[in-house]
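Enquirer: Below is one structure. I have some questions about it.
The values are calculated or read from the model by the stated rules, or taken from the named source; none is laboratory data. Worth saying up front: this structure is predicted, and the values here are computed from it rather than measured. Neighbour counts run over all protein chains shown; Cβ positions are idealised from the backbone, glycine included.
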Amino acid sequence: MPVVEHLVRSVGRLASHHIEQVGTQRTSVAEGLVVRGNPRELTQVLLNPIITASQSLAKETSPEEHWMDVGAELPGKQVVTS
């Protein structure tokens, strides 16, 4: 089972170029989270909205005004990614 921390940090690295063009990246992950699934597909699921958001922000104001959280937490019984 893929460890969520590894997936989130990997996605953060992959998306860093897109994010740095439009703002600041903040990464946080609760420890010990695991998820079932294909690591490549999960990476794509997490990466797509980040790239879409960075493309939208690129049309907005200066990068100093924007930030993106790349993370995961476990409130209750669900893993929440942001």
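Enquirer: Could you grab me the full set of residues in the stretch 17-38 that are within 14 Å of the chain's Cα centre (by Cα) and either loosely packed, with under 15 Cβ neighbours inside 10 Å or farther than 17 Å from Glu5 by Cα (or both)? Lay out the reasoning, then the answer.
Expert: Our first condition is that a residue be within 14 Å of the chain's Cα centre (by Cα); within the stretch 17-38, this holds for 17-20, 23-30.
Once the filter is applied, which keeps residues that are within 14 Å of the chain's Cα centre (by Cα) and either loosely packed, with under 15 Cβ neighbours inside 10 Å or farther than 17 Å from Glu5 by Cα (or both), the stretch 17-38 yields His17, His18, Ile19, Glu20, Gly23, Thr24, Arg26, Ser28.
Enquirer: Collect the residues in the stretch 8-44 that are of a type in the set (A, V, I, L, M), assigned to a helix (DSSP H, G or I) and free of Cβ contacts under 8 Å to residues at least 60 places away in the same chain, keeping them in residue-number order.
Expert: Within the stretch 8-44, the first condition is being of a type in the set (A, V, I, L, M), and the residues that meet it are 8, 11, 14-15, 19, 22, 29-30, 33-35, 42.
Checking which are assigned to a helix (DSSP H, G or I) leaves us with 8, 11, 14-15, 19, 22, 42.
Of everything in the stretch 8-44, those that are of a type in the set (A, V, I, L, M), assigned to a helix (DSSP H, G or I) and free of Cβ contacts under 8 Å to residues at least 60 places away in the same chain turn out to be Val11, Leu14, Ala15, Ile19, Val22, Leu42.
Enquirer: Moving on. What residue, of Val45, Val22, is among the aliphatic types (A, V, I, L, M) and modelled with pLDDT of 80 or more?
Expert: Val45
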